[in-house]
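Right, one structure below, let's go through it.
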Amino acid sequence: MARWVNVFAEIGQFKGQFRLWLPADARPPKDAQEACRMAALGLFYALAKKEVPGFKWRVVRNGRGGAVAEMEFTGTSGAEKWVIDAPRRGETPLPHADVCIFPTLREGEDLAPPGKMYTADEVLIDPGELRHKIFQKST
């Protein structure tokens, strides 16, 4: 069973409402920042589910009160596991995250840790394959 939560947010330039679908037994997000983080992880999940072989996904609550996702899949060099973080404005990306989802591509270019992969909400929404939407920050 599933349910939805209507989220009303005023974060940066975004002012409005969006609907977040959750499992019926899941705890609702504590604030709009967490709801936005869950929505960004949901965008990534939707694309990865269709395209990534050997896909497994789980959302894990982290110590800062938010959530990250762990994605296991079969990559070109065998089994891989990525930690996916979705820092929102004013938050620092987790240092151990493999992929960070930022609100905009410009924020990803500026804020992604060196050597890490990043993408953005605005890129994930556009049509296209996930592999063309993940970028590597140079060291």
Handout entry: Tabulated pairs, segment 128-139, first in contact (Cβ under 8 Å) with a residue 40 or more places away in the chain, second open to solvent by less than 70 Å² (accessible area, probe 1.4 Å) and outside any helix (DSSP H, G or I), C-beta under 6 angstrom, 6+ apart or interchain
Key = K133/T119
Exercise for the section: For E107, work out the one condition from (1) within 23 Å of A35 (Cβ to Cβ); (2) modelled with pLDDT under 90 it doesn't fulfil. Expected result: (2)
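The values are calculated or read from the model by the stated rules, or taken from the named source; none is laboratory data. Keep in mind it's a predicted model, so treat the numbers as computed, not measured. As a convention, Cβ positions derive from the backbone with ideal geometry for all residues, glycine included, and neighbour counts pool all protein chains shown. Remember, those area values only see protein heavy atoms, side chains included, never the ligands or the DNA or RNA. Shrake-Rupley method; radii C 1.70, N 1.55, O 1.52, S 1.80 Å.
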